[in-house]
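Structure record follows, encoded as structure tokens.
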Amino acid sequence: KNYTRRFKDTDLFEQIFTHILQECYKFKLIDPREVFVDATHVKARANNKKMQRRIAHEEALFFEDILKKEINEDREAHGKRPLKEKDDDNAAPPSSGSEGKKEKTVKESTSDPESGWFRKGEHKNVFAYAVQTACDKNGWILGYSIHPGNHHDSRSFKTLYDKIKDIGIESLIADAGYKTPAI
């Protein structure tokens, strides 16, 4: 009841987590040189029968704009013209307001719209959340981020990485779900 009445729209639990983590650093309980990252899916408290379909715009990968910028800077430094933008037959024209993003239909819970439709195993589909977690070799949680269950690990990794990138990581260990050129 305290959570729903007093702490619902606050970051109190994040503050407590951060304080405990800082204390662990202070007493050298944490070794951030090797960090293990993975996501786990947590079933949302959402009724699987109460859903609606909505149009979702497919977002570009987080590194795509940075990569294009670096390539064009390198081309310019070597006296070449910038790369031409690709024409995408499936993308809507920029004048329609979608700015060339692809659209797809997704299922959205009417009781928990922040969750995502997730295929669990071969036969079970549920609304869920993906919790990205980074731990040290002793099992201390160094950071976490929460995303809709239908977001792939490689697309939601940047949020977690931005939280832990300055802690002194020498090696980052992750499963094949994170194997992308940017990561």
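I'd like the full set of residues that are under 24 Å from Asp65 (Cβ atoms), outside any loop (DSSP other than H, G, I, E, B) and open to solvent by 80 Å² or more (accessible area, probe 1.4 Å), limited to region 101-160.
Once the filter is applied, which keeps residues that are under 24 Å from Asp65 (Cβ atoms), outside any loop (DSSP other than H, G, I, E, B) and open to solvent by 80 Å² or more (accessible area, probe 1.4 Å), region 101-160 yields Glu103, Lys104, Arg155.
Applying the selection to region 161-182, what residues are assigned to a helix (DSSP H, G or I) and farther than 21 Å from Ser115 by Cβ?
Residues satisfying the conditions are Tyr161, Asp162, Lys163, Ile164, Ala176, Tyr178.
Can you tell me which residues in region 63-95 are part of a loop (DSSP other than H, G, I, E, B), closer than 25 Å to Thr180 by Cβ and at pLDDT 65 or above?
Phe63, Pro82, Leu83, Lys84, Glu85, Lys86
Name the residue, out of Ile16, Ile30, Ile20, that is part of a loop (DSSP other than H, G, I, E, B), more than 21 Å from the chain's Cα centre (by Cα), modelled with pLDDT of 90 or more and of a type outside the set (Gly, Ala, Ser).
Criteria check complete, one pass: Ile30.
Take the residues of region 33-55 that are of a type in the set (A, V, I, L, M, F, W, C), more than 26 Å from Ile167 (Cα to Cα) and touching an Asp or Glu at 6+ places or on another chain (Cβ under 7 Å): which is modelled with the highest pLDDT?
Looking at residues that are of a type in the set (A, V, I, L, M, F, W, C), more than 26 Å from Ile167 (Cα to Cα) and touching an Asp or Glu at 6+ places or on another chain (Cβ under 7 Å), I get Ala44.
The values are calculated or read from the model by the stated rules, or taken from the named source; none is laboratory data. Just so we're clear, the structure is a prediction, and the values are computed from it rather than from any experiment. Every residue, glycine among them, receives a Cβ derived from its backbone with ideal geometry; neighbour counts consider all protein chains shown. Accessible surface is based on the protein model in full, side chains and every heavy atom, while ligands, DNA and RNA are left aside. Shrake-Rupley method; radii C 1.70, N 1.55, O 1.52, S 1.80 Å.
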